[in-house]
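One structure is given here, and the rest of the page talks about it.
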Amino acid sequence: MVQFLSAIDPPHEADATASSEVLPDAALLDAYSRTVVSVAKKVSEAVVQIKVDKAPRRGRRNSQLNGTGSGFIISTDGYIVTNSHVVHGATRIEVNLQNGRHFEARLVGEDPATDLAVVQIDADNLSIVSFADSDQLQAGQLAVAIGNPYGFQYSLTAGVVSALGRTLRSESGRLIDDVIQTDAALNPGNSGGPLVDSHGRVIGVNTAVILPAQGLCFAVASNLAAFVVGKLILEGKVRRGFIGIAGQMIRMTVQMAQQLKLEAPSGILVQQIEPNGPAFHSGLQPGDVIIGFNENTVHSIDDLHRYLNESTIGQSCELTVLRNRGKLALQVVPAELS
């Protein structure tokens, strides 16, 4: 029941306090709204809709498969980042810009292992976005997703970074490490679009949503994406070694880092080991924490991805791991990721 005060009744102290709290809350909401609007203005013109034609599947000779996804422009010469599963097997790729222009695109390269791809269009006067440093992300910070869900162009959803360092299995069957979890709503068609921070910088590439769960959406972290995109532009593919583990970055206490004389208070917790893979034959065990690779410090999945490059394939490499609160050196021979 709603109660009204008469004109002659003095306000109670509690009512006065409640009234004084309205303005700060309204100001906070307004600041949040201004931030999201500012992000939309900075980023939306660099977000594109991607339409693809794919060859018909076996048994469907007369049916042409069509699909849509999202992407974002990272350079004035027309390089666009999207998901591998959006453009894989495409016979034709069309890119639609927010201003109504549309172009045919060519596939520069794709990397199914991280579900990333790069296409290019021949266009001028392009708006671009840049990658942020995903190592600086914190759970709880603002995350804004822009894309084309269900064909509705340039839709925006906002949420927060829910968790960091997740592992996700791509459509290729490989595990993608260093995945950001967010509750910014994603739907079919958002794939390949950017997840951006409050400054309009890309912190991740939207890649998957778990159905029927709500608020469980995932993006490939920007540092990994930037590394892969650079390789695709220069070489058309990413040739890398792999050791066959699933892991997650963990942080250690200051006391433990000091006791073990670690250069960085973090490492990769080994959660799973692929049967008969390189790590399986090295003696690595679930529960080990990888902190070094060939005398290089490993404090995140990004580090291990960088070190497992083409020069390590078939070469004996040294893993430094923590086991039972002590350091251990193991020899592993990375194989080539096909």
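Some observations on this one:
- Test: Ser316 is small (Gly, Ala, Ser), modelled with pLDDT under 90 and either buried (at least 21 other Cβ atoms within 10 Å of the Cβ) or over 27 Å from the mean Cα position of the chain (by Cα) (or both): no
- Test: Gly277 is surrounded by 14 or more Cβ atoms within 10 Å (Cβ to Cβ), under 26 Å from Leu137 (Cβ atoms) and not assigned by TED's automatic domain parsing to the domain that holds Ile203: no
- Strands (runs of 3 or more DSSP E) enclosed by the stretch 73-154 - at least 1 residues per element that are over 14 Å from Ala46 (Cβ atoms): 90-96, 102-111, 116-120, 142-147
- Residue in the stretch 284-294 that is without any contact (Cβ under 8 Å) to a residue 40 or more places away in the chain and of a type in the set (A, V, I, L, M) present: yes
- Which listed residue, of Leu164, Leu156, is under 25 Å from Val298 (Cα atoms), in contact (Cβ under 8 Å) with a residue 40 or more places away in the chain, surrounded by fewer than 23 Cβ atoms within 10 Å (Cβ to Cβ) and not assigned by TED's automatic domain parsing to the domain that holds Leu284: Leu164
Residue-by-condition table, conditions (1) under 15 Å from the mean Cα position of the chain (by Cα); (2) farther than 18 Å from Val36 by Cβ; (3) outside any loop (DSSP other than H, G, I, E, B); (4) at pLDDT below 85:
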| position | (1), (2), (3), (4) |
| --- | --- |
| Leu156 | no, no, yes, no |
| Val160 | yes, no, yes, no |
| Gly173 | no, yes, no, yes |
| Gln181 | yes, yes, yes, no |
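- Options Leu224, Leu262: the member that is hydrophobic (A, V, I, L, M, F, W, C) and in contact with an Asp or Glu (Cβ under 6 Å, 6 or more places away or on another chain): Leu224
- Residue count, the stretch 162-171 (criterion: among the polar types (S, T, N, Q) and either in a loop (DSSP other than H, G, I, E, B) or within 20 Å of Gly71 (Cα to Cα) (or both)): 1
- Any hit, the stretch 6-27, residues being farther than 17 Å from Asn148 by Cα, surrounded by 11 or more Cβ atoms within 10 Å (Cβ to Cβ) and at pLDDT 60 or above: no
- The criterion of being touching a Pro at 6+ places or on another chain (Cβ under 8 Å), outside any strand (DSSP E or B) and either surrounded by 14 or more Cβ atoms within 10 Å (Cβ to Cβ) or among the aliphatic types (A, V, I, L, M) (or both) holds for Ala257.
- Residue check, Arg240 surrounded by fewer than 15 Cβ atoms within 10 Å (Cβ to Cβ) and in contact (Cβ under 8 Å) with a residue 40 or more places away in the chain: no
The values are calculated or read from the model by the stated rules, or taken from the named source; none is laboratory data. What you are looking at is a predicted structure, and each value in this text was computed from that prediction instead of being measured. Neighbour counts run over all protein chains shown; Cβ positions are idealised from the backbone, glycine included.
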